[in-house]
1. Could you state the principal axis extents of the C-alpha atoms in the stretch 14-89, from the largest down, to the nearest angstrom?
2. Using 1/(1 + (r/R0)^6) with R0 = 45 angstrom and r between the beta carbons of Glu86 and Glu34, what's the FRET efficiency to the nearest 0.05?
3. What ranking of Ser281, Ser38, Ser10 emerges when the number of other C-beta atoms within 10 Å of each C-beta is taken as an exposure proxy, fewest first?
4. Any idea what the relative contact order of the chain is, in percent, if you count C-alpha pairs under 8 Å spaced at least 6 apart?
5. In whole Hz, with x marking every Gly and Pro, tabulate ³J(HN,Hα) for the stretch 246-254 from phi via Karplus 6.51 cos²θ - 1.76 cosθ + 1.60, θ = phi - 60°.
6. When Asp133, Asp117 are ordered from fewest to most other Cβ atoms inside 10 Å of their Cβ, what list results?
7. With everything on Cα atoms, drop me the angle between helix 192-205 and the longest principal axis of the chain, reported from 0 to 90° to the nearest 10.
8. On a full-extension model of 0.36 nm per residue, what is the gain between Lys11 and Leu325, subtracting their alpha-carbon distance, rounded to one decimal in nm?
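We did not get these values from a lab; they are worked out from the coordinates using the rules stated. Predicted, not measured: the structure shown is a model, and the values here were computed from it. Cβ placement follows ideal geometry from the backbone for every residue including glycine, while neighbour counts extend to all protein chains displayed.
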Amino acid sequence: MSIENNKTYSKRTASRMSKIRPSGLRRLFDLEHEIGKSSSNRILSFGLGNLNIPTMPEIIDQLKGALDDPISHRYSPNAGLLELREALVAKYKSEYHLDYEIEQIVVTSGCLEALIDTFLALIDPGDEVLIQDPTFGYYASQIILSGGKVKPIPLNEKFELEPEDVKEAITSKTKALVLNFPCNPTGSVMSREKIRAVVEIAADKGVIIISDEAYEAINYDGHKHTCAAEIDNENVLIISSFSKTYCMTGFRVGYVLGPPELLTPISLVHQYNTACANTPSQIAAKIALQSPASIREPMMKELTERRAKTIRAFTSVEGIELNYLPLGAFYIYPNVRGTGMDGQDFSDFVLKNCQLVVVPGREFGNSTKDHIRVSYGFLDQADIREAGSRMEACFNKK
Ligand SMILES: Cc1ncc(COP(=O)(O)O)c(C=O)c1O
């Protein structure tokens with residue numbers, strides 16, 4: 001039997017596995033595969049949260065040379081290569097005026113390892129963890145695997161988190177709040193004032209902020225990212241990575257930064273989990289941080305153009321509405337109710353009739369089932385234009 005068709009839980013597995021489901025995206029990818037076999041049109045996928053832009057050649061060229069050094073063939077220190085942590089200290093100082101010590105950083109296998117290490121180190125059985133709704137699907141499963149309870153807070157109509165809603169959601173059992181701006185799936189950002197209000201409420205109530213800033217460096221139209229630790233670095237854990245900032249999703253290198261009292265236990269989980277992040281990837285990350293900021297310009301130019309074309313392609317269809325400006329990440333999250341379909345029916349419809357993949361909003365929580373997530377990370381501009389033409393033809397016919 002294939003792994004896909006097997007159950008995730010049986011009498012021989014831990015009971016916590018009964019609460020974990022494979023992502024609904026799997027159904028979409030199976031369907032995509034099925035339709036791809038019978039259609040003459042190439043499938044164009046706005047489904048992936050991945051980037052098809054290669055890692056900057058400046059990083060790859062230097063990395064190739066570094067691989068000759070046997071240091072890159074060995075385990076690194078558990079918390080990460082010293083030079084990489086030094087480069088991270090310098091980054092947070094120069095970009096956000098924050099003073100971290102080397103000991104306040106643990107380098108991990110991407111944000112995903114940083115997140116689960118953090119949840120395992122912080123959560124007791126029954127603790128509640130607040131998450132945004134809609135939000136990145138991994139948080140809920142990782143919180144449940146760590147023994148916690150997930151409590152979603154719906155975002156407002158512009159997909160920001162309202163400080164008042166945070167205040168109302170906090171109970172005596174609330175341990176932490178996971179913030180994610182720029183946000184996956186919406187591409188929305190938050191003003192510094194709103195981040196300040198949320199961070200201050202959390203600190204006041206003794207709730208730890210876990211701020212996933214994976215998209216911190218992908219901002220448009222002059223928007224300036226606020227790092228949540230700029231507001232309060234005593235109560236905020238920053239989680240970020242090189243995946244999106246430097247088109248390095250396959251390298252799997254990220255980190256967690258925070259106050260020593262929280263970092264020490266997280267670092268212990270990390271030690272028993274993976275020992276250390278992949279050493280060649282850490283070297284690539286160090287090279288990235290030591291390179292001039294200008295190496296990111298071609299990537300940002302490309303994403304900026306894709307964003308404009310994606311917004312145009314989807315909002316040209318009658319009934320699709322985007323009533324906020326996505327100023328970060330590489331997603332838009334329009335409401336498709338005006339087409340007479342909810343997000344699920346719409347994504348099935350465009351897959352069958354236009355050979356386009358988009359992800360229904362229900363994959364990201366319960367509050368936005370009329371929305372779809374559209375990622376422009378993995379489609380070139382010509383393909384985005386082609387997708388627009390297919391939708392125009394298809395919806396005119398309907
Ligand atoms: C909000 C968010 N956090 C974390 C990740 C995973 O990041 P990494 O590749 O660093 O594990 C993603 C990937 O799509 C994401 O969207």
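1. Rounded to whole Å, the extents work out to 49, 43, 25 Å.
2. On the way: r = 50 Å, r/R0 = 1.11.
Using R0 = 45 Å, I get an efficiency of 0.35.
3. Details: Ser281 23, Ser38 6, Ser10 9.
Exposure proxy ranking, most exposed first: Ser38, Ser10, Ser281.
4. On the way: 752 pairs, mean separation 93.3, N = 398.
Across the chain, relative contact order equals 23 percent.
5. Once rounded to whole Hz, the list reads 10, 6, 10, 4, x, 6, 6, 9, x.
6. On the way: Asp133 18, Asp117 27.
Fewest-to-most ranking of Asp133, Asp117: Asp133, Asp117.
7. Approximately 60 degrees, to the nearest 10.
8. Details: separation 314, 0.36 × 314 = 113.04 nm, distance 4.82 nm.
Taking Lys11 through Leu325 to full extension adds about 108.2 nm, to one decimal.
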